[in-house]
Every structure is written in structure tokens, then in C-alpha cells.
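Let me begin by presenting the structure, written as C-alpha cells, before commenting on it.
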Amino acid sequence: MVDVFTEINIRCPLKKVSEYAANPENAPEWYVNIDSAEWQTQKPLALGSRIAFKAQFLGRQLAYVYEIAEFNPGQKLVMRTADGPFPMETTYTWEAIDDNLTKMTLRNKGNPTGFSKLFTPFMASMMKKANIKDLKKIKNLLES
């Protein structure tokens, strides 16, 4: 099992941070490895919404569909995918530290299968590095 947890403080109101991060259309702007996000269900984001992502990771092209498993606007978003070589759950949480400072957490966990299983120890450290880059990028975008 891979379980990667990262967090960052963003000098921006909680509402702005959570709305930006929870919008799948913004993912290619702040996720280093995500190339595109395409809605497969009607907007807006809600329980059961499905979004198809195309990404690159460890030199490989990935295509996967996330389904929204839990969504409490301004607090928590949980997305899950059960298809592909690496079933994954991604969780965002947001917490207001003060009126203009938000703590955002990003957690990815899953069980690699097949060929991916061989890279589990390496994958966790690579995912952590990528998540740190992603959180720094969203911080820079929202603070500027």
C-alpha cells in the first residue's frame, strides 16, 4: 500500500483555496503531472461526479477516471478510481488558520497492482516529491 500525505499553508482565504483546488478544470494548472481533465458527468462537482484525467508519471502516460466519493465544500474532497494499474484515492482537506491563511492537505493512497506493484517503495517517494511540487504550485498561483 502506498499512502502519501503532504500539507501546505496558503496565504489566501479558505473559500478561494477550496473552490480553486476542488475544480477539476484547474488541475492541469497546478498539478505538475496532469495534462488534462475532462468532465464525464454534468457540472457542478457533486457526489458521483466523474472526471477523466490524462497524466504523466515515471515517464508513462496515464489515463484514469476519478469518481467523487465525498464532497463537503470548503472542508473535504475525496476522489477514487478503481480502474487502471494503480487504484487510487485522493483526499484534499482545507482548514482556515485565520481569515487569510488556509492549511491544505493532499493525501494519495492506493494499492498498486500488476507491473506497478514492483515499484511500490520507489513510487511512494516519487509521489511525495510530486505532491510537494503540486502544493507549492497551487500556493504560488493563489498567492500571486
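So, in segment 13-26, exactly how many residues are surrounded by 19 or more Cβ atoms within 10 Å (Cβ to Cβ) and closer than 18 Å to Thr102 by Cβ? Working first, answer last.
The first filter runs over segment 13-26 and keeps only residues surrounded by 19 or more Cβ atoms within 10 Å (Cβ to Cβ), leaving 14, 17-18, 21-22, 24.
Cutting the leftovers down to closer than 18 Å to Thr102 by Cβ gives us 14, 17-18, 21-22.
Total satisfying the criteria: 5.
Just one of the numbered conditions (1) aromatic (Phe, Trp, Tyr); (2) touching a Lys or Arg at 6+ places or on another chain (Cβ under 8 Å); (3) more than 26 Å from Asn140 (Cα to Cα) is not true of Tyr64: (2). Annotation: of all residues in segment 81-109 being hydroxyl-bearing (Ser, Thr, Tyr) and at pLDDT 95 or above, the one that is nearest to Lys139 (Cα to Cα) is Thr102.
Residue-wise test of (1) surrounded by fewer than 15 Cβ atoms within 10 Å (Cβ to Cβ); (2) in contact (Cβ under 8 Å) with a residue 60 or more places away in the chain; (3) closer than 12 Å to Thr90 by Cβ.
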| residue | (1), (2), (3) |
| --- | --- |
| Val32 | no, yes, no |
| Glu38 | yes, no, no |
| Leu47 | yes, no, no |
| Arg60 | yes, no, no |
| Ala63 | yes, no, no |
| Ile68 | no, no, yes |
| Gln75 | yes, no, no |
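Filtered by the rule that a residue be charged (D, E, K, R) and outside any loop (DSSP other than H, G, I, E, B), segment 1-40 gives Asp3, Glu7, Lys15, Lys16, Glu19, Glu25, Glu29, Asp35, Glu38.
The values are calculated or read from the model by the stated rules, or taken from the named source; none is laboratory data. In this text, all values refer to a predicted model and were calculated from it rather than measured experimentally. With ideal geometry, Cβ positions are generated from the backbone for all residues, glycine too; neighbour counts draw on all protein chains shown.
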